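First comes the structure, then the notes that go with it.
The values are calculated or read from the model by the stated rules, or taken from the named source; none is laboratory data. For clarity, every value in this text was computed on a predicted model and none was experimentally measured. Methodologically, a virtual Cβ is constructed for each residue, glycine included, from the backbone with ideal geometry; neighbour enumeration extends over all protein chains shown. Protein only, heavy atoms only, side chains kept; ligands, DNA and RNA dropped before computing areas. Shrake-Rupley method; radii C 1.70, N 1.55, O 1.52, S 1.80 Å.
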Amino acid sequence: MQGSKSFERYLIREASTEDVPGMLEVFNYYVENSFAAYIETPVGPEFFQAIQSEKEQDEGGHFPFYVIEEESKIIGIGALRPYFPFPNFRHTGVVSYFILSGYRRKGLGSRMLEKLCMEAGKKKMKSLLANVSSKK
């Protein structure tokens, strides 16, 4: 188990529009180097435009992106989204997160997943889905 001192330098918080360049760096790393993002070409800032538009919705429909930062550098991103916009699936969500390669195996993925699960609980989601992919 890692000591709490090592975690103190990492902050998980709701993303803002100012975070988009760092978020793009993280996400596009996975686009270019893996199959995990399910997209074949790098994306631009419009990919994360939901940050601003979703904040304008009421709190029940607000599904923000989250970032992990170290000393103001974005090193990871995460998201919780509804699985389908149908009433039958209102208690089912999808989680995804990406961590820059130099920061993996430090427990940050577990911390992001814990944060996303807590947010899912607040939204009364009972089931969460996640996709796992590999080039192997």
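Scanning segment 57-101 for residues that are under 17 Å from L11 (Cβ atoms) and of a type outside the set (A, V, I, L, M, F, W, C) yields P64, Y66, E69, E70, E71, S72, K73, G76, G78, Y97.
Would you check which residues across segment 68-84 are open to solvent by 50 Å² or more (accessible area, probe 1.4 Å) and under 19 Å from A130 (Cβ atoms) and list them? Passing the criteria: R81, P82, Y83, F84.
When residues in segment 17-37 are screened for being outside any helix (DSSP H, G or I) and free of Cβ contacts under 8 Å to residues at least 24 places away in the same chain, 0 of them pass. Which of the residues belonging to segment 61-84 are assigned to a loop (DSSP other than H, G, I, E, B), at pLDDT 80 or above and out of contact with any Gly (no Cβ under 8 Å at 6 or more places or on another chain)? Across segment 61-84, the qualifying residues are F63, P64, E71, S72, F84. Tell me, please, whether a residue that is modelled with pLDDT under 95, part of a strand (DSSP E or B), out of contact with any helix residue (DSSP H, G or I) (no Cβ under 6 Å at 6 or more places or on another chain) and open to solvent by 30 Å² or more (accessible area, probe 1.4 Å) can be found in segment 98-118. Among the residues of segment 98-118, not one is modelled with pLDDT under 95, part of a strand (DSSP E or B), out of contact with any helix residue (DSSP H, G or I) (no Cβ under 6 Å at 6 or more places or on another chain) and open to solvent by 30 Å² or more (accessible area, probe 1.4 Å), which makes the answer no. Considering segment 35-60, and only residues there that are at pLDDT 75 or above and within 17 Å of M112 (Cβ to Cβ), the residue that is least open to solvent (accessible area, probe 1.4 Å) turns out to be F48. Identify all residues within segment 85-97 that are open to solvent by 30 Å² or more (accessible area, probe 1.4 Å), of a type in the set (S, T, N, Q) and at pLDDT 90 or above; write none if there are none. S96 - this is the single residue of segment 85-97 that is open to solvent by 30 Å² or more (accessible area, probe 1.4 Å), of a type in the set (S, T, N, Q) and at pLDDT 90 or above.
Among residues that are out of contact with any Cys (no Cβ under 9 Å at 6 or more places or on another chain) and closer than 23 Å to K73 by Cα, G93 is not included.
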